[in-house]
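Here the structure is laid out as structure tokens; the discussion comes afterwards.
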Amino acid sequence: MVASFSLLGDWVRHVGGERVSVHDLVGPGMETHEFEPLPGDSAAIAEADFVLAIGLGFETWLPDLAEAAGVTPRVIYLGDQTPPERRLRVSDSPEAAFDPHLWQDPTRTADLVRAIASALSEADPSGAAGYASRSQAYLSELNSLDAEIESIVSGIPEPRLLVTSHAALGYFADRYGFTVLGSVLPVSTETGSPSPGELAALIDLVRVSNVPAVFGERGEPEQLLHVVAQEAGVDRVVLLYLDSLGAPGSDGTTYVDMMRSNAQAIAAALSP
């Protein structure tokens, strides 16, 4: 089977175990928003039993790729299966109504893992017991991760303000009591640079809020974020794992690793 990007592939491997073979279209360290499929990617999804994706406007390139490969009915968008009340609305536009970055909250990731187990069990009923067992074990791990992150960030004083390169931490903020003060870019990095007026307004907002750090994504261009930090008098630009796992051997090799690493980096930057 095919997973649209590295985080999703990690969850599938935990649930599927040795019973599934997973190909990640967007591998670790790659930018999912700006991914450009190659001919081999079309071949990979054409041969797959089904394709798992987040949806909610995250993989904007996938519908065309799936249509070209003739596999549109075999694409499962997990975000669409998340209860609407568990999604954060980011605009009134139907094209980008919800924030797709559900994985920045382990409890919402649990919703996605349950949907993965259901999809695998439906496709492979004889393996259903194993999928159920492995998913329960991983859900327990996610529950422990949630408690660990809560402990890591507990020493950060109010107000807990986040300024980011793009708006990827809404679910993290919602879960752990932060406020996203602003982002250089909206939910997707595909929308181009902000206007001079928008950038100036963000700089003014950051300056008067006295935040000690701003946060970017590893592997993402940092120039605009550094401009915001420098103009607003912020000393630290801290890089996180937002839309991708880290390279093998890094502190973001798995989803649990990257979430722990992010929480530790945020706490170190914002704690007194």
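Okay, here's what the table says:
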| read-out | value |
| --- | --- |
| Amide H partners (placed H, <5 Å) of HIS23, local residues excluded | VAL2, ALA3 |
| Lys, Arg +1 and Asp, Glu -1 on Cβ, resulting dipole of the chain about Cα centre, debye, nearest 20 | 660 debye |
| Between 0 and 90°, nearest 10: helix 255-270 axis offset from the chain longest Cα axis | 10 degrees |
| Relative contact order (%) - segment 124-218, alpha-carbon pairs under 8 angstrom, separation at least six | 26 percent |
| In degrees, nearest ten, helix 223-232 long axis to first principal axis of the chain (Cα) | 30 degrees |
| Distance in nm between pseudo-label sites at LEU205 and GLU67 (7 Å out along the Cβ direction from Cα) | 3.5 nm |
| Residue-by-residue Karplus 3J(HN,Hα) for segment 197-208, coefficients 6.51, -1.76, 1.60, Hz, glycine and proline x | x, 5, 5, 5, 5, 5, 4, 4, 5, 5, 4, 6 |
| Label-reachable residues, segment 60-90, where backbone N falls under 19 Å from a point 7 Å from ALA43's Cα toward its Cβ | 65-71 |
| Contact order normalised by residue count of the chain, Cα under 8 Å, 6+ apart, percent | 19 percent |
| Long-range HN-HN contacts of ARG236 with modeled amide H, under 5 Å | VAL214 |
| Paramagnetic reach from ALA123 in segment 17-42 [backbone N under 14 Å; point 7 Å along Cα→Cβ] | 17-25 |
| Local net charge near GLY16, Cβ-Cβ under 15 Å (Lys/Arg +1, Asp/Glu -1) | -2 |
| Under 5 Å, built H, 5+ apart or other chain: amide partners of SER183 | THR164 |
| Stokes-Einstein D for segment 161-272, Kirkwood Rh over Cα pairs, 37 °C, 0.692 mPa s (µm²/s) | 231 µm²/s |
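Each value in this text was obtained by applying a stated rule to the coordinates, not by laboratory testing. Everything numeric here is computed off the predicted structure, so don't read it as measured data. All Cβ positions, glycine included, derive from the backbone under ideal geometry; neighbour counts span all protein chains shown.
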